[in-house]
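The values are calculated or read from the model by the stated rules, or taken from the named source; none is laboratory data. The model shown is predicted, which means the values in this text are computed figures rather than measured ones. Neighbour counts run over all protein chains shown; Cβ positions are idealised from the backbone, glycine included. Calculation scope for accessible area: heavy atoms of the full protein, side chains included, ligands and nucleic acids excluded. Shrake-Rupley method; radii C 1.70, N 1.55, O 1.52, S 1.80 Å.
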Amino acid sequence: MEVYLDHAATSPMSEEALATYVEAVRAAPANPASGHAAGAIAKHQLELARSKAAQLFGMSEDEVLFTSGATESMNWAISAVAARPGVVFATPIEHSCAMEPLKRLGDRVVWLPMTPSGKVDFSAAITSLKACSRNINALIVMGANNETGVIQPVRELASLVKRLNPLALVVSDLVAMASWGGVADAMEWVDFGVLSPHKVGGPVGVGVVLRRRGAEITPFVTGGAQEYDMRAGTVSVPLVVAGVEALSAAVQHSEDHRLICRSLQDRLERGLADLDGNVVVVGTEESRVGITSAVFTGLRAEDILFLLDEQGVRASAGAACASGAMQPSHVLLALGYPREDALAQVRFSYASSLSESEIDYAIDAVDKVVTKLRPR
């Protein structure tokens, strides 16, 4: 049996999104910037998708911009922050596509305190934010962490920042929230929100920036007048329409998705708890999206993943793999876990298409792997 438990990395393209992609390839094969009839058809398809995305998240059409993915989107949004003076508050658990550009801002960044369970320590954050008050340039806070699944207090933090300095920008990686619900609510307080359709059954290669009107940003990619003169480059209409189709389905079915994934998540985590007692699941005290971050104390994630893969169970480490060497999870390090534990984290992530029997197979596979690596 093959059990795919790596949906937080990429969720395989849904049949609906794939059909939409193929239809768009056939119906709108031209460049949407071209002035002829075929280009007009492509442009119409593009703007229909933009309008659909805008309605999904309570935005206007000109507040929806398409990019190549969440990495470009976050780099672009943070470039708007970098261009302004003042202190930037950010969580130290952001995805690397935010962490790397933030690091380039040096000592302008103040890292918000975290609780060991993986959530921003709101009480401590209040003190830190109030100390800077109107010198606050921006707040960078993700909707839910991509490694632990812990949902962050975006609304509470953003509303506090806006009270302290109404001109401050709020940037939020909302990628993990798309299938869980709450993106539109978050965008009531967020200036730049980022989405990635391939995490919810859309194609790889398209991203979305939700930009509140009035939030100033300069073009990050230059050389053309596409996307309201904000991003140069020929827009891939098939990728956009398929990506929006996937996002639309995710929003429409988010309640069912939450119920099913919570049940599957509970089932897997109960199974992990019944192992040898040396497995710690991060963030169980907090509200989480469909992600399980399991620390296999005393083992190495790369060994576990290799053996699980042999048995058909596809999972991932919460850490990036650089030059073939597994790196410790910066998220767990930020939460106070020792380096050894940060190297022992395995991430399981869910989709509502999974079955209980697949989860049971995965539990059995983990049991065999742990027994092999740590004989009882």
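Near the amide H of Val313, within less than 5 Å, lie the amide hydrogens of Val3, all on another chain or at least 5 residues away, with H placed in the peptide plane. Using a Gaussian network model of the chain in which every pair of alpha carbons under 10 angstrom is joined by a spring, one finds that among Ala19, Ala351, Ala176 the greatest mean-square fluctuation is at Ala19.
For the residue pairs Lys52/Lys199; Lys103/Lys162; Lys52/Lys130, alpha carbon separations beyond 27 Å are given by Lys52/Lys130. Ordered by 1.4 Å accessible area with all protein chains kept, Ile126, Ile359 run largest first as Ile126, Ile359.
The ratio of the alpha-carbon radius of gyration of segment 1-66 to the globular-protein estimate 2.2 N^0.38 Å is 1.44. The HN-Hα couplings worked out from phi for segment 302-307 by the Karplus form 6.51 cos²θ - 1.76 cosθ + 1.60 (θ = phi - 60°) are 5, 5, 4, 5, 4, 6 Hz, whole numbers, x standing for Gly and Pro. From the mean inverse distance of alpha carbon pairs (Kirkwood) and the Cα radius of gyration, derive Rg over Rh for segment 172-274. Across segment 172-274, the Cα-based Rg/Rh ratio is 1.08. Around the amide H of Gln327, modelled in the peptide plane, lie the amide H atoms of Ala320, Ala322, all under 5 Å away and 5 or more residues distant in sequence or on another chain. Phi angles across segment 337-344 convert, under the Karplus curve 6.51 cos²θ - 1.76 cosθ + 1.60 with θ = phi - 60°, into 3J(HN,Hα) values of 6, x, 4, 4, 6, 5, 9, 10 Hz, Gly and Pro given as x.
Phi angles of segment 60-73 translate, via the Karplus equation with coefficients 6.51, -1.76, 1.60 and θ = phi - 60°, into HN-Hα couplings of 8, 4, 6, 9, 10, 10, 9, 10, 7, x, 5, 5, 4, 4 Hz per residue; Gly and Pro are given as x. Running Debye on the chain with equal point scatterers at the Cα sites and no solvent, what base-10 log of I(q)/I(0) appears at q = 0.07, 0.09, 0.13 Å⁻¹? Ignoring solvent entirely, the Cα scatterers give -0.32, -0.53, -1.06.
Note on Met1/Ser287: beta-carbon distance plugged into 1/(1 + (r/R0)^6) with R0 of 35 Å gives a FRET efficiency of 0.70. Close amide H contacts of Val170 (hydrogens built in the peptide plane, cut-off under 5 Å, sequence separation of 5 or more or a different chain): Leu139, Asp191, Phe192. In the chain, the DSSP beta bridges split such that about 60 percent are antiparallel, to the nearest 5. Taking the alpha-carbon distance from Lys119 and a cut-off under 17 Å, which aspartates and glutamates remain once sequence neighbours fewer than 8 residues away in the same chain are dropped? Partners found: Glu94, Glu147, Glu156, Asp173, Glu285, Glu286. Which of the three applies to segment 39-104, rounded, prolate or oblate, going by the alpha-carbon gyration tensor with a ≥ b ≥ c and a/c under 1.5 meaning rounded? It comes out prolate by the Cα gyration axes.
Kirkwood's formula applied to the C-alpha pairs of segment 238-316 gives a hydrodynamic radius of 15.0 angstrom. Its residue count N sets the reference 2.2 N^0.38 Å, and the alpha-carbon radius of gyration of segment 1-157 equals 1.33 times that reference. Restricting the calculation to alpha carbons of segment 266-376 gives Rg and Dmax of 13.3, 36 angstrom.
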